[in-house]
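So the structure is just underneath, and the comments pick up after that.
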């Protein structure tokens with residue numbers, strides 16, 4: 001399920017990147033403003049993220065879709081070591097499968113230098129700035145997830161908040177780092193495009209940012225206030241995590 005979710009996310013991302021950025025695309029020709037195209041891309045990918053989190057598979061797996069998120073919940077003691085390992089494996093395999101499917105179906109269109117399978121690379125400000133930006137957006141995302149998902153008043157809105165952040169980041173932050181927050185997502189695109197520019201950033205900054213957010217949350221609220229590793233717990237589907245979500249209703 002985790003692999004399929006990230007695979008679907010990458011399929012949508014590559015299709016949209018081709019539609020919006022390939023020079024021969026009628027949409028690209030009709031929308032010469034790059035800021036507007038990023039805004040549309042952000043809105044579409046934010047909606048995609050929300051849909052996947054609310055989907056039956058997202059309700060079951062918790063919809064991490066990101067090794068950095070899984071690693072952070074492992075650090076917080078909410079996921080078993082074996083589950084964390086297979087989540088990460090599934091995320092990498094799913095992301096790669098999704099992009100390779102695009103390579104087979106769209107071929108040269110998605111491989112065009114303007115698209116490059118939606119590869120994430122540092123912007124003109126350079127690698128150091130991209131690293132800081134990736135760490136910062138990952139920190140904010142994980143902070144929002146922890147605060148929202150562990151609050152009785154707003155837990156049901158956690159998927160919507162995640163989608164809103166994804167949309168905002170793509171629209172505003174993408175020119176700085178490419179907007180990844182996800183090692184599996186960046187590796188999948190890099191493999192298909194065979195473009196390894198500064199890949200180390202996307203393997204280090206996102207997990208460091210999310211782990212820092214977890215550390216801050218634990219210091220402020222305590223680790224017992226982390227109830228579960230699911231992004232959407234408004235479901236009757238079986239929870240495989242070290243879940244204490246029932247305690248939420250007692251606050």
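Has segment 149-160 got any residue that is modelled with pLDDT of 95 or more, out of contact with any helix residue (DSSP H, G or I) (no Cβ under 8 Å at 6 or more places or on another chain) and at negative phi? Scanning segment 149-160 turns up no residue that is modelled with pLDDT of 95 or more, out of contact with any helix residue (DSSP H, G or I) (no Cβ under 8 Å at 6 or more places or on another chain) and at negative phi. Evaluated against (1) buried (at least 24 other Cβ atoms within 10 Å of the Cβ); (2) touching a helix residue (DSSP H, G or I) at 6+ places or on another chain (Cβ under 6 Å), residue 88 falls short on exactly one condition, (1).
For segment 103-123, the set of residues classified as without any contact (Cβ under 8 Å) to a residue 12 or more places away in the chain and either under 9 Å from residue 18 (Cα atoms) or part of a helix (DSSP H, G or I) (or both) consists of 104, 105, 108, listed by residue number. Residue 142 meets each of the listed conditions (1) part of a helix (DSSP H, G or I); (2) farther than 23 Å from residue 87 by Cβ apart from (2). Answer with yes or no whether residue 68 is under 22 Å from residue 206 (Cβ atoms) and surrounded by fewer than 18 Cβ atoms within 10 Å (Cβ to Cβ). No; evaluated as a whole, the condition is false for this residue. Filtering 203, 241 for residues that are under 30 Å from residue 117 (Cα atoms) and at pLDDT 85 or above leaves a single hit, 203.
Within segment 124-144, residues that are on the phi < 0 side of the Ramachandran plot have Cβ atoms under 8 Å from residues that are in a loop (DSSP other than H, G, I, E, B) and buried (at least 23 other Cβ atoms within 10 Å of the Cβ) in these pairs: 130/178; 134/180; 134/181; 137/179; 137/181; 138/181; 141/181, counting only partners at least 6 apart in sequence or on another chain. The single condition from (1) within 22 Å of residue 178 (Cβ to Cβ); (2) in contact with a helix residue (DSSP H, G or I) (Cβ under 8 Å, 6 or more places away or on another chain) that residue 113 fails is (2). Applying the set (1) at positive phi; (2) touching a helix residue (DSSP H, G or I) at 6+ places or on another chain (Cβ under 6 Å); (3) surrounded by fewer than 18 Cβ atoms within 10 Å (Cβ to Cβ) to residue 194 leaves exactly one unmet item: (2). Residues in segment 212-238 that are assigned to a loop (DSSP other than H, G, I, E, B), exposed (fewer than 14 other Cβ atoms within 10 Å of the Cβ) and either at pLDDT 90 or above or within 21 Å of the chain's Cα centre (by Cα) (or both): 2 in all.
The number of residues in segment 180-201 that are in a loop (DSSP other than H, G, I, E, B) and under 9 Å from the mean Cα position of the chain (by Cα) comes to 3. Inside segment 71-81, residues that are surrounded by fewer than 23 Cβ atoms within 10 Å (Cβ to Cβ), at negative phi and touching a helix residue (DSSP H, G or I) at 6+ places or on another chain (Cβ under 8 Å) make up a count of 5.
Within segment 145-158, the only residue that satisfies the criterion of being free of Cβ contacts under 8 Å to residues at least 12 places away in the same chain and either touching a strand residue (DSSP E or B) at 6+ places or on another chain (Cβ under 8 Å) or assigned to a helix (DSSP H, G or I) (or both) is 157. When restricted to residues that are closer than 21 Å to residue 188 by Cβ and free of Cβ contacts under 8 Å to residues at least 12 places away in the same chain, segment 41-81 contains 1. Evaluated against (1) without any contact (Cβ under 8 Å) to a residue 24 or more places away in the chain; (2) surrounded by 19 or more Cβ atoms within 10 Å (Cβ to Cβ); (3) within 15 Å of the chain's Cα centre (by Cα), residue 161 falls short on exactly one condition, (2).
The values are calculated or read from the model by the stated rules, or taken from the named source; none is laboratory data. Computed from a predicted model, the values in this text were never measured in an experiment. Neighbour counts run over all protein chains shown; Cβ positions are idealised from the backbone, glycine included.
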